[in-house]
Amino acid sequence: MSTEHPETTLARTRLAAMVDAGVEPTLAAEELTDLLLRNRTVDLEGYRPDHDSWTPSYMLGAAAQDGWLLKAGKAVARVDGADGGLRLSRSQLHAHCLAMADRYAMRRYATMPLARTWRGPELNVLNADGPGGMTVPISGGLEPVPGGATE
């Protein structure tokens with residue numbers, strides 16, 4: 001029986017699909033786990049990965065970009081060749097992996113947390129200094145979320 005958190009299992013499954021892990025050049029389960037570990041992020045409650053209350057949360061776009069770069073590295077030594085009338089274009093695999101890495105580069109920081117996260121007495125979560133400069137009137141004081149970013 002696995003003691004892995006369900007969010008980590010789900011993230012690994014999604015990442016495997018995003019990087020075509022079972023297609024040459026393949027990525028092993030250990031490599032997928034490493035990609036997730038290197039791309040952990042603050043959870044929805046504002047806890048950082050090193051906090052005891054952290055719920056596994058990952059930047060899957062960043063992990064996918066890293067995964068495609070890893071696959072490109074595995075494919076770089078493959079060269080084109082010909083055998084009789086059959087032409088093999090293995091270098092296209094390297095180019096494809098790099099193109100996919102570029103595609104996921106646009107999503108690399110799509111899941112980054114906002115600069116500050118605050119809890120108000122009437123709101124579950126209020127994000128200050130977020131995109132769009134949204135302001136929300138609340139009564140009472142604001143408290144930083146445990147584990148959240150501070151300045």
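The Cα-based radius of gyration and maximum Cα-Cα distance (Dmax) for region 36-108 are 18.0, 61 Å. Residue exposure proxy: 53, 91, ordered by other Cβ atoms within 10 angstrom of their Cβ from fewest to most, comes out as 53, 91.
Any read-out appearing in this document is the output of simple, stated calculations on the displayed coordinates, not a laboratory observation. None of these values were measured; they are calculated from a predicted model. For neighbour counting, all protein chains shown are included, and Cβ atoms are generated from backbone atoms with ideal geometry for every residue, glycine included.
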